[in-house]
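Just so it is clear, none of the values below were taken in a lab; they were calculated from the coordinates. Everything numeric in this text was worked out from a predicted model, so none of it was measured. Positions of Cβ are generated from backbone atoms using ideal geometry, with glycine treated the same way; all protein chains shown enter the neighbour counts.
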Ligand code: ADP
């Protein structure tokens, strides 16, 4: 990838009632990079992903994806949101995997993956199925095309959810604590798949994770959040080995 800026937040503020969850936040992610967001619970990490998915909107600030605005401020400082059609186009560039896998329970695995490429991207059924089989191989589930989600373990369902997100050929994958709902013995398989994707594809990744060794392995850059602000950012070897900020040291000593 060319390293151009894919995601940009400029002075983004998000409040829920009296609670200022993101406070004048600036940050950016370059194309092809793998960025992880770490920090205490409630520091605003998931809110960033939800803003990018347009599940919620900011109170103030500019959010830009691949040069397209989701929100900006007019000259008077008033928030302007992109129109519905434009927003839909921007969202096509983004794939998201949640804590809960949210597969369609009444559809077999293959159809879970082909549904959106056929209906949203307009791929033919054959094209979508070919791609879905490749992706199932990539996540180590090539033999599960005909299974229903309930016949799979949580880890396998999450790997299907990863394949489903990739099937839309997004430019960026947002990963929101994708292993937190899993039994401990299933975590490694999912992280291995993500490591593999990080190391073998040029997709941009923005991950919220509590898995510090995973963050260390895949990240080009780590952002440490506290109370809605990035208090420290840098390559993983710096953040994990020589953190500058006292809050980062405290957080890491509690989780490592
Ligand atoms: P993190 O991902 O770092 O744990 P979140 O972004 O999920 O943090 O949440 C940040 C803060 O925003 C928390 O205090 C949370 O309670 C609050 N919050 C998140 N979503 C909502 C909501 N829909 N309504 C009210 N408060 C919310």
Paramagnetic reach from residue 87 in region 36-60 [backbone N under 15 Å; point 7 Å along Cα→Cβ]: 50-60
Residue of 61, 228, 17 that the Gaussian network model of the chain assigns the largest fluctuation, springs spanning Cα pairs under 10 Å: 17
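Express the relative contact order of region 100-169 as a whole percentage, based on alpha carbon pairs under 8 Å and six or more residues apart in sequence.
Values: 80 pairs, mean separation 32.5, N = 70.
Dividing the mean separation by the residue count of region 100-169 yields 46 percent.
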GNM result for the chain, Cα springs below 10 Å: residue of 114, 201, 13 fluctuating most strongly: 201
The chain: calculated mean residue ellipticity at 222 nm from DSSP helix runs of at least 4, using -39500 (n - 2.57): -11000 deg cm²/dmol
Radius of gyration, Dmax [region 113-215; alpha carbons; angstrom]: 13.6, 40
The chain: C-alpha gyration tensor shape, a/c 1.5 cut-off, then a/b vs b/c: oblate
Cα coordinate range in region 100-169, projected on the principal axes (Å, largest first): 30, 21, 19
Highest-fluctuation residue, 135, 166, 121 considered, GNM on the chain with Cα pairs under 10 Å: 121
